[in-house]
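Contents: one structure, followed by commentary.
Derivation of every value follows stated rules applied to the coordinates shown; laboratory data play no part. Values in this document were obtained by computation on a predicted structure and should not be read as measured data. Because the Cβ atoms are built from the backbone with ideal geometry, glycine has one as well, and the counts that use them run over all protein chains shown.
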Amino acid sequence: MKKKISIIGSTGSIGTQSLEVIEKLQDKFEIIALAGGSNVELLNKQIEKFRPKYVCLGKENSELNTQGAKALYGDEGLQEICSNKENDIILVAVSGKIGLKPTLSAIANGIDIALANKETLVMAGDIVMKKAKEAGVKILPVDSEHSAIFQCIHGELEKVDNLIITASGGPFLHKSIDEIKHATVEQALAHPRWNMGKKITVDSATLMNKGLEIIEAHHLFGMDYNHIKVVVHPQSYVHSAVEWKDGSIMAQIGVPSMHIPIQYAICYPDRPEGIKSRSFSFADAVKFDFLKPDFEKFPCMALAYEAGRTGGSATTCMNAANEEAVYAFLNGKITLYDIYTTVEKIYRQHKVVKNPDIDEIFAIDKEIREKTKELFK
């Protein structure tokens, strides 16, 4: 039988690559719903090719050509898609806080999740993972780093000593602090290895993305922060690794391609042939470089460690402030380095709520965003 899947964020980078995987494996999948943001032109092309039963846009648009599918809009549309028990799995591929509610809806309806939205676990990891466990729902990581760790562990978490998350170092790895402070949006978006959406690419430039991944790894694998390490690996061949308690290390290695972790998550536990753009060659790779992360040059990562260890609403606060600061940078309101100073200032002002419920998390998220936006005025 075909696995029935819906994609939240089908017009984004992960969404479009997911559809490339599914097109290659069309005998294994049936698409129930596609949800885009505002890119109606691309969504129309996806509808034409994949013929979903439901389609969703951020808001109504007369140019949407549903091809007979039911049209849905906004948060209510996403909720309807993620509450549809016809789904076997839902790929949450949107960026930012918008991924949290659909994820919770899918969990409440017993639907497995392929998660490409790290903010969901950064905002509310304790709640999401607890609800998933209670509902017997699988949270399958799509991020290449967490997919690598998931593949290496293979159900033997109790034997693992450390998780080792790799970072490419982004476009400013070999730049000075002064050069980072004066970086343009164009320079920040010129990632040397990965083709991603704007928000995650800027996060990669500040290494906040790696900070978010540290927090995500803590929740996905239940690992203490003292046992989650980061190493800079500019070639991006080693996607991450685990160190076993006997001292040996197991790594997942491959070409820098999101098709592989996407396919692993949505096909799990199977490994069909699928897309393989090119095979990895040890001989052609020439060399693997590994460097210690520079927390002075990239302080966002250190702040993420602190927020993760603090717990409670600290990570919700940090995430909200960072998201708004990134958008302000992309809109030319602040510099790249101002992202850190903004987040750090808002974070220091925040009074942490130790065990917030989901309503408190959304309220804190809203409050922090408003405070952050006020700074830009």
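Descriptive notes on the structure:
- Inter-centroid distance (Cα atoms) of the range 324-377 relative to the range 159-235, Å: 19
- Cα Rg, Dmax (largest Cα-Cα span) when computed across the range 108-241, Å: 15.9, 50
- Rel. contact order, % - alpha carbon contacts under 8 angstrom, at least six apart, the range 149-238: 45
- Contact order for the chain, expressed relative to its length and based on alpha carbon pairs under 8 Å spaced 6+ residues apart, stands at 15 percent.
- The alpha carbons of the range 215-272 give a radius of gyration and a Dmax of 13.2, 36 Å, in that order.
- Cβ-defined net charge surrounding Tyr54, 9 Å radius [Lys, Arg +1; Asp, Glu -1]: +1
- Taken along its principal axes, the alpha carbon cloud of the chain reaches lengths of 54, 53, 41 Å, longest axis first.
- Summing Lys and Arg as +1 and Asp and Glu as -1 over all other residues whose Cβ lies under 10 Å from the Cβ of Ser95 gives a net charge of +1.
- Helix-only CD estimate at 222 nm, as mean residue ellipticity for the chain, using -39500 (n - 2.57) per DSSP H run (n ≥ 4): -14000 deg cm²/dmol
- Equivalent-ellipsoid semi-axes for the range 71-167 (Cα gyration tensor, √(5λ), whole Å, largest first): 25, 15, 11.
- Cα centroid separation, the range 241-261 to the range 297-321 (Å): 25
- Rg to Rh quotient for the range 270-327, alpha carbon positions, Kirkwood Rh: 1.21
- A cut-off under 14 angstrom between Cβ atoms defines the neighbours of Ile31, and their net charge, with Lys, Arg +1 and Asp, Glu -1, is +3.
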